[in-house]
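Asks: Just dropping this structure here.
The values are calculated or read from the model by the stated rules, or taken from the named source; none is laboratory data. This structure is a prediction, so every number in the text was calculated from the model and none was measured. Quick reminder, even Gly has a Cβ in these numbers, built from the backbone with ideal geometry, and neighbours come from all protein chains shown. Just the protein is used for accessible areas: all its heavy atoms, side chains included, with ligands, DNA and RNA removed. Shrake-Rupley method; radii C 1.70, N 1.55, O 1.52, S 1.80 Å.
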Amino acid sequence: SPFAPATAVSAYASHVFISAAHSKPFTFPVAPTVTSSIIYVKDVIQGILQLINVPREQLTRSVYNLHGFTASTDSLGQVAAKKVPGFQYHFEPNLLSTMILAAQPSVYIDASARKDWGWNPQFDLLKTADDIMASLR
């Protein structure tokens, strides 16, 4: 989301694009190989709207995961650099950020949402980058 809080360690996927849009260098708080489950805010909203409109008897659980895509920090930086020529990014991994992100899965299993109401994300990494960059300009 373009509104990701600056202090949210796991929001670096948003922060890199915000920095790129403002032509400011970005420092990832984790190594280039760290991967995370990412979901674009527009997919979250769509998923919630779909869920609240599903007949209750069609639901098989009370809690669902949604997953957009998995991306490494380096792939996020590369995409941002392709969108904004000259954009600079680097990595300064810190232990706390690495520990927080290492404890999170890189894929959230959302098979129940796909089965129960046909959940399917619309935004992959490139579509997310295009949309967020357009909204920030």
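Asks: Restricting to DSSP loop positions (anything but H, G, I, E, B) with no more than 12 other Cβ atoms inside 10 Å of their own Cβ, which trypsin sites (Lys or Arg not before Pro) remain in the range 37-105? Don't skip to the answer; put the middle values down first.
Replies: Working: sites: LYS42, ARG56, ARG61, LYS82, LYS83; in loops: ARG61.
Here the trypsin sites (Lys or Arg not before Pro) that fit, given the DSSP loop and packing criteria, are ARG61.
Asks: Let me ask something else. Per residue, how large is the accessible surface of the chain? Use a 1.4 angstrom probe and give square angstrom.
Replies: Details: 7790 Å² over 137 residues.
That works out to 57 Å² per residue.
Asks: Quick check on the chain: helices-only [θ] at 222 nm, where DSSP H runs of length 4 and up contribute -39,500 (n - 2.57) each and the sum goes over total residues. Nearest 500, please. Numbers along the way, then the final one.
Replies: Details: 6 runs with 60 residues, N = 137.
Mean residue ellipticity, 222 nm, calculated: -13000 deg cm²/dmol.
Asks: Here is a follow-up. Ignoring ligands, DNA and RNA, please state the percent of accessible area on the chain from carbon and sulfur, probe 1.4 Å. It would help to have the intermediate numbers written out before the result.
Replies: On the way: 4570 of 7790 Å².
About 59 percent, which is the carbon plus sulfur part of the accessible surface.
Asks: Relative contact order, percent, of the chain when contacts are C-alpha pairs under 8 Å separated by at least 6 residues? Could you put the intermediate results ahead of the total?
Replies: Numbers: 185 pairs, mean separation 52.1, N = 137.
This gives 38 percent for the chain.
Asks: Moving on to the next point. If the elastic network links every pair of Cα atoms under 10 Å, which of SER72, SER62, SER106 fluctuates the most in the Gaussian network model of the chain?
Replies: Of SER72, SER62, SER106, the Gaussian network model singles out SER62 as fluctuating most.
Asks: List the residues whose amide H sits under 5 Å from the amide H of TYR89, counting only those 5 or more places along or on another chain, with H placed 1.01 Å from N in the peptide plane.
Replies: It is PHE26, by chain and number.
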